[in-house]
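Notes follow once the structure below has been shown.
The values are calculated or read from the model by the stated rules, or taken from the named source; none is laboratory data. Note that this is a predicted model, so its numbers are computed, not measured. Note that each Cβ is placed from the backbone with ideal geometry, even for glycine, and that neighbours are counted across all protein chains shown. Heads up: the accessible areas ignore ligands, DNA and RNA and are worked out on the full protein's heavy atoms, side chains in. Shrake-Rupley method; radii C 1.70, N 1.55, O 1.52, S 1.80 Å.
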Amino acid sequence: MDNIDKKILTLLQNNARISNADIAREVKLAPSVTLTRIRKLEEKGVIASYEAKLNPHELGLDMLAFVLIKVSGDKDIEGLLVDIPGVQEVHNVAGDDCYLIKIRTRNTESLSLLLKEKVRGESISTKTIIVLNTLKETTQLLF
C-alpha cells in the first residue's frame, strides 16, 4: 500500500459517497487507474464495507451504554451477545471481565429490559456504564 492508496482510503473514510472521478482528481490519476486501485483494496479486505452513519438521536436511540460482562465457569455467550439487537460492538477483553459491549437503546427502561432478558443470567454478572455526553465518536482509522 503506497501513499496514493492511503490518500484514497482517507478520502473514502471522509465521504464514502465520493465519486471515482473526484477521487481520481484528488490523487491525480486517471479514473480507470483509481478504480482499479479501489477494487484491489476491496479484494484485499482493506476496504471492508461502505456504510451510512446514522444519527441515533434522530432515530430516538438516546441511550448509549457500555457494559462489562463477567462470565463464571465455561459458559459460552459470544454467539448470544453478537445476535442481540441494539448491541453495536462486542469485544473480548483482558482483566477481571470477559466482554465489553456497546449498546444503543431508546432509554434506561429499554436498556434495563435488554440486559435482563438478553444478557443477564446464571453465572453472568454485568457492570453498566451510562454515557451522559459523547465528545468524540469516529470509525476512522489512522495509518
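Here are the numbers:
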read-out: Rounded to whole Hz, the Karplus (6.51, -1.76, 1.60) HN-Hα couplings of region 12-25, x for glycine and proline; value: 5, 5, 6, 7, 5, 9, 4, 6, 4, 4, 5, 5, 4, 5
read-out: Among Asn133, Asn55, Asn107, residue whose mean-square fluctuation peaks in a GNM of the chain (springs only between Cα atoms under 10 Å); value: Asn133
read-out: Pairwise label distance in nanometres, Asn55 with Ser125, each label 7 Å out on the Cα-Cβ vector; value: 4.1
read-out: Mean ellipticity per residue at 222 nm, deg cm²/dmol - from DSSP H runs of n ≥ 4 across the chain, formula -39500 (n - 2.57); value: -9000 deg cm²/dmol
read-out: Phe143 - accessible surface, heavy atoms, 1.4 Å probe, Å² rounded to 10; value: 110
read-out: R0 of 30 Å, Cβ-Cβ distance Asp2-Lys102: FRET efficiency to nearest 0.05; value: 0.30
read-out: Inter-site label distance for Thr10 and Arg25 at 7 Å from Cα along Cβ, in nm; value: 1.8
read-out: Restraint check, Lys53/Lys127; Lys53/Lys75; Lys44/Lys136; Lys75/Lys127, Cα-Cα greater than 23 Å; value: Lys53/Lys127; Lys53/Lys75; Lys44/Lys136
read-out: Gain in span if fully extended, Leu142 to Ala94, counting 0.36 nm per residue against the direct Cα distance; value: 14.9 nm
read-out: Area accessible to solvent at Arg106, 1.4 Å probe radius, in Å²; value: 140
